[in-house]
Amino acid sequence: MKCQKVKKESLAAARQQEIIRACEELYETMEYEDISIKEIAKSTSICRSNIYNYYQTKDEIFLDILEKDYLSWTEDIREAMDREEQPGREAYCRNIAGTAALHPRLLKLMAVHYITIEKNCSLEKLTAFKHAIHPFQETMEEVLTRYFPKAPREKIQNFIFLLLSLVQGIYSMTSLCEKQVKAMQEVNPDYRMPDFTSALYQALYILTSDLL
């Protein structure tokens with residue numbers, strides 16, 4: 001019985017990973033609004049009705065993608081900070097901006113679809129997601145305490161909230177479509193879309209002044 005249970009759990013995990021991979025691939029070529037459980041099923045060996053055994057909505061699949069990307073960014077932050085030979089304000093801002101830029105899918109989901117995803121997930125699924133990405137919060141607090149030892153915990157927690165808000169806003173302003181860029185250039189011929197990494201670094205450098 002135990003062996004059968006392990007096999008069943010292993011099969012379920014494998015199928016979930018197949019569903020997630022299919023959704024990730026579709027997101028590379030399709031708009032979020034056009035992706036459906038039906039489209040996802042076409043890209044897997046799993047029939048549409050069976051997908052509902054694992055996910056009630058496509059948003060729940062994207063929630064798992066968000067979890068995966070959040071934890072990947074968390075690992076990149078840890079590695080970058082551990083490699084840093086001269087920790088300080090500039091190094092912190094550079095590493096956060098640089099590692100964030102490595103995760104464009106996460107940035108897009110955070111900036112454009114985050115509210116929709118969370119709204120259309122069950123409370124159980126959403127609560128599990130919040131627990132799963134808690135290592136991000138812990139890592140950010142740990143790193144900030146190391147780089148800004150004089151900052152009180154309340155300021156550090158507030159900074160993390162502002163950091164995530166910055167990431168979402170700056171991504172939106174530095175990832176314009178061709179039509180948006182053309183419209184901006186009609187108003188200002190000299191307009192050039194800002195670079196995400198540079199803009200985030202500058203914003204973080206200003207924001208971290210409150211932690212010194």
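Give me the log10 of I(q) over I(0) for the stretch 116-212 at q = 0.16, 0.17, 0.21, 0.23 Å⁻¹, as the Debye formula computes it from C-alpha points; what are the numbers? So the normalised log intensities are -0.86, -0.91, -1.06, -1.14.
Take the Cβ atoms of Y52 and H134, set R0 to 35 Å, and the FRET efficiency comes out at 0.80.
Rg/Rh for the stretch 82-140 stands at 1.09; both radii use Cα atoms, and Rh follows the Kirkwood definition.
Its DSSP H runs of at least 4 residues, each contributing -39,500 (n - 2.57), put the calculated 222 nm mean residue ellipticity of the chain at -23000 deg cm²/dmol, to the nearest 500. How many angstrom lie between the Cα centre of the stretch 157-172 and the Cα centre of the stretch 8-41? Their Cα centres are 28 Å away from one another. Mean-square fluctuations from a GNM of the chain, with a 10 angstrom spring cutoff on Cα atoms, peak among E33, E90, E18 at E33. Projected onto planes of every orientation and averaged, the convex hull of the alpha-carbon atoms in the chain covers 15.2 nm². Using R0 = 35 Å, the C-beta based FRET efficiency linking S198 and K119 works out to 0.60.
Accessible area per residue for the stretch 66-206 is 58 Å², calculated with a 1.4 Å probe on protein heavy atoms, without ligands, DNA or RNA. Largest GNM mean-square fluctuation among R78, R192, R146, using the chain with Cα springs under 10 Å: R192.
Considering only G98, S165, G88, and ranking their Cα positions along the charge dipole of the stretch 60-179 that arises from unit charges at the beta-carbon of Lys, Arg, Asp and Glu, the one farthest toward the positive end is S165. From the phi of every residue in the stretch 138-150, what ³J(HN,Hα) in whole Hz does the Karplus formula 6.51 cos²θ - 1.76 cosθ + 1.60 yield, where θ is phi - 60° and glycine or proline is x? Rounded to whole hertz, the list is 4, 5, 4, 5, 4, 5, 4, 5, 6, 8, 10, x, 8. Rounded to whole numbers, the Karplus 3J(HN,Hα) couplings from phi for the stretch 69-75 are 6, 4, 5, 5, 5, 4, 5 Hz, using 6.51 cos²θ - 1.76 cosθ + 1.60 with θ = phi - 60°, and x at Gly and Pro.
Sequentially through the stretch 199-212, phi angles give Karplus couplings (6.51, -1.76, 1.60; θ = phi - 60°) of 5, 5, 4, 4, 5, 5, 5, 5, 5, 6, 4, 6, 9, 7 Hz, Gly and Pro residues having no value and appearing as x.
With a Förster radius of 22 Å applied to the C-beta separation of T29 and N188, the computed FRET efficiency comes to 0.10. Here the extension length gained between D210 and K179 equals 7.4 nm, from 0.36 nm per residue of separation less the Cα-Cα distance.
The values are calculated or read from the model by the stated rules, or taken from the named source; none is laboratory data. Not measured: the values here are computed from a predicted model. As a convention, Cβ positions derive from the backbone with ideal geometry for all residues, glycine included, and neighbour counts pool all protein chains shown. Quick note on the areas: whole protein, heavy atoms, side chains included, nothing else; ligands and nucleic acids left out. Shrake-Rupley method; radii C 1.70, N 1.55, O 1.52, S 1.80 Å.
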